[in-house]
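> Sharing a structure below in structure tokens format, with a few things to ask.
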Ligand SMILES: [Zn+2]
């Protein structure tokens with residue numbers, strides 16, 4: 001059983017290929033099974049995480065196969081904070097567990113949300129049964145600058161950075177008019193309809209980002 005953090009595992013996956021060739025045959029099969037399980041767990045965790053595509057099972061399946069393994073078990077629910085997989089390679093079964101730390105994806109920012117947005121989000125979280133949480137709400141202008149500069153450093157191009165983080169001064173978060181929810185974004189969206197909450201998801205590529213409907217003061221851009 002491996003307990004993995006996303007960051008540590010990414011580094012481990014890169015070195016695993018070189019390691020496997022140097023061990024004996026029996027140990028090699030075990031190592032390959034563990035590598036396959038680790039990578040499947042990591043891939044599933046990335047998909048289950050708030051910014052993932054919410055298809056952790058198919059990600060685990062794909063990465064198990066890429067490592068010549070068969071996925072024999074996957075406890076991997078969209079929006080869950082941990083995934084656990086079992087992968088079999090050459091008759092040897094290995095399991096791995098990857099744990100997601102949501103604060104690494106979305107820094108929580110205390111502050112003042114628009115009271116109408118706050119009320120709608122409170123109702124949504126209460127109905128979410130622990131499957132949805134507030135990742136990021138109000139942001140100070142300073143925080144928005146930090147986030148954008150992080151994105152610029154990561155993507156190396158202002159236009160790419162703009163795709164992921166609004167330019168300082170233009171974010172609805174800075175005005176207390178947007179929240180990023182963690183967890184199961186599709187479940188949240190279904191609840192918005194069920195409860196008739198005045199929320200929209202204006203950007204299809206950011207399914208976790210919710211704003212008030214335009215009639216309530218959202219920009220719906
Ligand atoms: Zn957002």
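Taken together, the values in this text are just the output of simple stated rules run on the coordinates, not laboratory data. Just so you know, these numbers come straight off a predicted model, no measurement behind them. Please note: Cβ atoms are built from the backbone with ideal geometry, for glycine as well, and neighbour counts cover all protein chains shown.
> Separation between the residue 195 and residue 118 pseudo-spin-labels, each 7 Å from Cα along Cα→Cβ, expressed in nm?
If labels sit at residue 195 and residue 118, their model points lie 1.6 nm apart.
> Kindly state, to the nearest 0.05, the FRET efficiency for residue 99 paired with residue 213, given R0 = 30 Å and r defined as their beta-carbon distance.
0.25
> Once label points are set 7 Å from the Cα along Cα→Cβ at both residue 150 and residue 203, what is their separation, rounded to one decimal in nm?
1.4 nm
> Tell me, 75, 132, 100 in order of fewest to most beta-carbon neighbours within 10 Å?
Ordered by Cβ neighbours within 10 Å, fewest first: 75, 100, 132.
> Can you put 38, 73 in order, fewest other beta carbons within 10 Å first?
Fewest to most other Cβ atoms nearby, the residues stand as 73, 38.
> Modelled label-to-label distance, residue 75 and residue 175, 7 Å Cα→beta-carbon offset: nm?
For residue 75 paired with residue 175, the spin-label model returns 4.5 nm.
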